[in-house]
Each structure stands twice: as structure tokens, then as C-alpha cells.
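All remarks here apply to the structure that follows.
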Amino acid sequence: MNKTKEKSVKASFGGISAALSIIIMAVFSIFPSMTYAAPVICGIFITVAVIEFNSKFAFAVYFAVSVLSVMVVPNKESAVFYALFFGIYPILKGLIESKTKGAVSWIIKYLVFNIAIIIGYLICAKILNIPYDEIGVFGKFTLLFLWGSGNVSFVIYDIAFTRIVTLYVYKWQKYVKRLLK
């Protein structure tokens with residue numbers, strides 16, 4: 001593929017990925033249960049960008065979606081968690097796993113997740129005024145419950161993410177490569 005066509009394909013992929021991500025997060029804002037599912041789904045576009053192009057290009061797409069989603073997506077909590085974790089994690093996961101192995105890899109990934117969640121909580125609670133401590137049946141223990149269930153969910157997310165990437169590489173990549181030609 002010549003340089004001009006390659007640049008056009010990258011620009012098109014980036015624009016379409018960003019637009020679809022914003023649309024998904026905006027439409028899913030209608031359903032409160034999709035607050036975390038929408039950014040997870042949008043992270044798939046970043047994953048494909050990392051695999052098909054490179055981390056630098058994927059970061060540019062992530063950055064564009066993060067800025068636009070914070071500005072236009074009605075569910076600001078969803079946008080914040082995309083910007084702080086679910087959008088950047090597909091890039092970081094590959095870097096972490098390529099540099100470290102086993103327990104060290106998991107410790108670093110847990111640190112990244114927990115730091116992002118704490119910062120996200122602070123932004124949502126202090127800036128966006130989302131009252132976490134008084135919601136649900138857990139009352140004052142809501143934050144502890146959310147943190148614990150979030151860490152369990154992260155393990156499931158990471159394992160599922162790895163399997164989806166494997167499935168993509170072995171089953172779907174050939175079709176995407178044809179589309180990108």
C-alpha cells in the first residue's frame with residue numbers, strides 16, 4: 001500500500017472509530033445500566049487501532065474520543081471512565097504485558113485500574129456531583145461495595161479482553177484487513 005493510501009486509510013479508520021464511539025456512548029446514555037458497558041464497547045475500536053496500526057495512532061484516536069465524549073456525551077460518568085480507563089487500557093494492556101509477565105503484570109494492571117477508578121470517582125463525586133455514598137441498599141458502604149465488585153469485574157474484563165483480542169486475531173482480522181485495503 002502506498003503512503004498516501006495508507007494515510008487515507010488511517011484517517012478514515014480513526015474518524016469512523018471516533019464517530020462510532022461517540023454515537024455509541026451518546027445513544028447508550030439513555031440506559032443507566034450501560035454507563036460502563038458503552039466505554040468498554042468503544043475500547044474495541046482502540047484495540048483494533050493498536051493491532052492494525054500502532055499504539056501512537058491508537059492513542060490519537062483515544063484522545064479524540066475522550067475529548068469529544070466529555071464535551072458531547074450526556075452521560076458524563078461514562079465519558080469520564082472512557083477517558084480515564086476503558087479507552088486507554090487497550091493501549092496500556094499491550095505495553096504492560098509486553099514488558100512484564102505473570103504477577104508483576106497483574107499488579108501493574110491492578111494499580112492502573114485502581115488509580116483510574118479513584119480519580120474517576122473523585123471527578124464524578126466532586127466535580128460532577130454524583131452522590132455515590134448514599135445510593136443503593138448499601139448506604140454508607142456503597143463505595144466499598146463498588147470498589148470490591150469493580151476489582152472482581154476487572155479480572156473478568158481483562159480475561160475476556162484477552163480472549164476477544166485472540167478471537168479477533170484468529171477469526172476477524174482477515175476481514176478487517178480486507179476492509180482496510
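The values are calculated or read from the model by the stated rules, or taken from the named source; none is laboratory data. Worth saying up front: this structure is predicted, and the values here are computed from it rather than measured. All Cβ positions, even for glycine, are placed from backbone atoms using ideal geometry, and neighbour counts span all protein chains on display. Areas reflect the complete protein model, heavy atoms only, side chains present, ligands, DNA and RNA absent. Shrake-Rupley method; radii C 1.70, N 1.55, O 1.52, S 1.80 Å.
Out of curiosity, is G102 surrounded by fewer than 21 Cβ atoms within 10 Å (Cβ to Cβ) and closer than 26 Å to Y170 by Cα? Judged against the criteria, G102 is a match. Figure legend. Inter-residue proximity from segment 64-85: first residues within 16 Å of I44 (Cβ to Cβ) and modelled with pLDDT of 95 or more, second residues open to solvent by 10 Å² or more (accessible area, probe 1.4 Å) and not in a helix (DSSP H, G or I), beta-carbon distance below 9 Å, spacing 6+ or different chains. Indicated pairs: S66/I88; Y82/I88.
There is no residue in segment 96-110 that is in contact with a helix residue (DSSP H, G or I) (Cβ under 7 Å, 6 or more places away or on another chain), at pLDDT below 95 and aliphatic (A, V, I, L, M). Taking the conditions (1) part of a helix (DSSP H, G or I); (2) β-branched (V, I, T); (3) at pLDDT below 95 in turn, T166 satisfies each one other than (3).
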